[in-house]
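The values are calculated or read from the model by the stated rules, or taken from the named source; none is laboratory data. Please read all numbers here as calculations on a predicted model, not as lab measurements. Ligands, DNA and RNA are excluded from the accessible area calculation, which covers all protein heavy atoms including side chains. Shrake-Rupley method; radii C 1.70, N 1.55, O 1.52, S 1.80 Å.
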Amino acid sequence: MANPKNYYVELRNSSGTTIGVHVYARSEYDAIQQAIARSPGYRALFARLT
């Protein structure tokens, strides 16, 4: 299994507010899922390694 890495995920809600969160995850998909779970009402725009 891969070691977790630090990802930056950008999220946006229905009114257009954008936030960025940092999560430790094993993949880009996992990072997006964690960010969405931590920020209900937001959808992911992208995730990238930091």
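How much of the accessible area of the chain, in percent, comes from carbon and sulfur atoms when a 1.4 Å probe is used?
On the way: 1720 of 3420 Å².
C and S atoms contribute 50 percent here.
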* To do: Calculate for the chain the 222 nm mean residue ellipticity that helices alone would give, adding -39,500 (n - 2.57) per DSSP H run of length 4 or more and normalising by residue count, nearest 500 deg cm²/dmol.
  => -6500 deg cm²/dmol
* Structure fact -> Calculating volume of the Cα convex hull per residue in Å³ from this structure picks out, from (1) 97; (2) 57; (3) 74, entry (2)
* **Residue among Ser14, Ser39, Ser27 with the largest mean-square fluctuation in a Gaussian network model of the chain, springs linking Cα atoms under 10 Å** => Ser14
* Express the accessible area of the chain per residue in Å², computed with a 1.4 Å probe while the remaining protein chains stay in the model. => 68 Å²
* Asked: So what are the ³J(HN,Hα) numbers for the range 38-50, from phi and the Karplus equation (6.51, -1.76, 1.60; θ = phi - 60°), rounded to whole Hz, Gly and Pro as x?
  -> 7, 10, x, x, 10, 10, 7, 9, 6, 9, 8, 6, 10
